[in-house]
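The structure appears right after this line, and notes come after that.
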């Protein structure tokens, strides 16, 4: 890490923006007195956190801003910007370049920036301390102050050493922890005092409220019993209402359905009356037509019967003719009796068959039974078939030729009658079929008429049944409404009872389980217990709830304060441990560093003085701490009546060659300067700070010691960057870059980059 650049604008004598770029190693700033060399150091000191007007060589902070002259008006602000490069400390900051800027305005406002972002001075000081940079250490050694290492007190000297040794960050943490500890102890005292102040009043409240603890138990028991009793009864009535409402809905649905059915049946009935009247009228008309048709068929049947009677007359006539032929052919029959007796038997039977035929025809004419007529017709056909089968024999052929002709004619006539009878038979059969069909049709019509009448009667009966059912449903619905009204009245009575006990009805029924099953005896027992508790509570009397609330609030406050007290006591203990650990860490590191510094101290005394012995000795300084006056305070509980705080300091012991006296006080002014330089280089050699500013610390050195000084600078410059303000040419010669500061024509500081050879002439001017 090294300082790469410093930008100064409007700061003291630097009116214009001025930038100085520094390499690693040694940089020299030269110039005549009053040119503004030390103002560069003041700019550095100011940004590093210096707040003392004395150390900044000003009367007040406004003097840091360019005051103006006849050539330039006064500035309105002063700005100094430092740029550090090659940080390489990810444990402290992630970036590798650090830019710190500080600005002050004429109104006194001051701004801080870290890498162009707003920051606080505290944060910047702590950050710089972690890099061994700060105003309390040895980062900047001013003109004439090199001997301060020897002059300051041991404790102050230790602080200076800590900062340049990189221990200042731990000290800052320790100081911060100590401040927290002090504040925590103060808070603990306050909390303890509050507790002690509140406790008497709290005890009084507790005594008052304790009398009503039992009352609260009774009250809680009463609430629990009421939750069970009133909760159960409410939910019972509620469930009954819900069930009844559900039933009512079902009944409403049923009523609507039945009303719709009745209306539909009435509509159907209205349509049916019209339709059925037409149907029945049509059926009656059809029935009359069938009856007329049957009547016509019977008339036609009678006509046929009449015609068959005429056929009977013909058959009878033909029969008489056959009888006559039979009578005239007696001789022929006699002659043939011997030869063909069976033939004569046939003719004897012929008369009998004709007589049967005549009787069958009479039966047909006198009968109205179609089946009987059909049977007689069949018998007639059989007799005619038998008559037609009779033929004369060949022996009497000549004699009976005439009779044969007549017989043939009779046969033809008989065949004609037979055919006619067959036609009549067929017609009668057809009439019978039609009559049978019409009888069936007539029966069907009669049945249909009866069915239609029955259907109407059924529809009337259905409507009447639905109306009765509707009346029953409406009656039941009214009963349900009465039951709901009773339940609502019961619920209202429950609310009134609960209200009389100053209880919240909604709270009682909110969490009550509805699955409870309680008998009448259970409910009676609950009710008796409730009444008993109410009587007990009435005897206990009124409780001032405000006092109870105050007691509860006070109890909560005391519990909070006690918890806070415990936390504070723990915080005090923890902070003490932290402070002790930090102290041990600082002291141990410091002791180790001092031991190493002593070795280098003697080395540099040898270089400068050619011998001598120097030693840094760590001493303990005891300081008394007065105890607090409050004997009951937390501080008193944590400290003894008089305790000590062990602080460390550093004493310097030196014995130079060729001197008889020991100690710093015995040294001359020049010796003190050289011893201080030797000690400074010893500290720097051990701590290796990133930057050290030396403001004319070589002013009192002769040429020989200046040469030694320059050589030591060169040896140490590979680890530490040096910015040297000097008038000494030998010191300049060790620098890697030389800046000259001068006052221009407009009377403000300006910077020139110089070569080593030209720097002598510049200093002379």
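Only the coordinates and a few stated rules stand behind these numbers; no lab work does. None of the values given here were measured: they were computed from a predicted structure. FYI the Cβ positions are ideal-geometry reconstructions off the backbone, even for glycines, and counts take in every protein chain you see.
When 293, 22 are sorted by how many other C-beta atoms sit within 10 angstrom of their C-beta, beginning with the fewest, the order is 293, 22.
The order of 46, 729, going from fewest to most other C-beta atoms within 10 Å of their C-beta, is 729, 46.
By the gyration tensor of its Cα atoms, with a ≥ b ≥ c the square roots of the eigenvalues, what is the shape of the stretch 160-273: rounded for a/c under 1.5, prolate for a/b over b/c, or oblate? Verdict is oblate for the stretch 160-273. A simple spin-label model places pseudo-atoms 7 Å from Cα toward Cβ; at residue 122 and residue 91 they are separated by 2.5 nm.
Taking every Cα-Cα distance in the stretch 138-216 and sorting them into 5 Å bins from zero, the calculated P(r) comes out as 3, 11, 11, 11, 9, 8, 7, 6, 6, 5, 5, 4, 4, 4, 3, 2, 1, 0 percent.
Going by the alpha-carbon gyration tensor, a ≥ b ≥ c the square roots of its eigenvalues, is the stretch 48-151 rounded (a/c under 1.5) or, if a/c is not under 1.5, prolate (a/b greater than b/c) versus oblate? It is oblate, given that a/c is not under 1.5 and a/b is not larger than b/c. Between rounded, prolate and oblate, where does the stretch 99-143 land on the alpha carbon gyration tensor, with a ≥ b ≥ c its root eigenvalues, rounded for a/c under 1.5, else prolate if a/b exceeds b/c? Oblate is the answer for the stretch 99-143, as a/c is 1.5 or above yet b/c matches or exceeds a/b. Shown for 659, 192, 726: other C-beta atoms within 10 Å of each C-beta, ranked fewest to most, produce the order 659, 192, 726.
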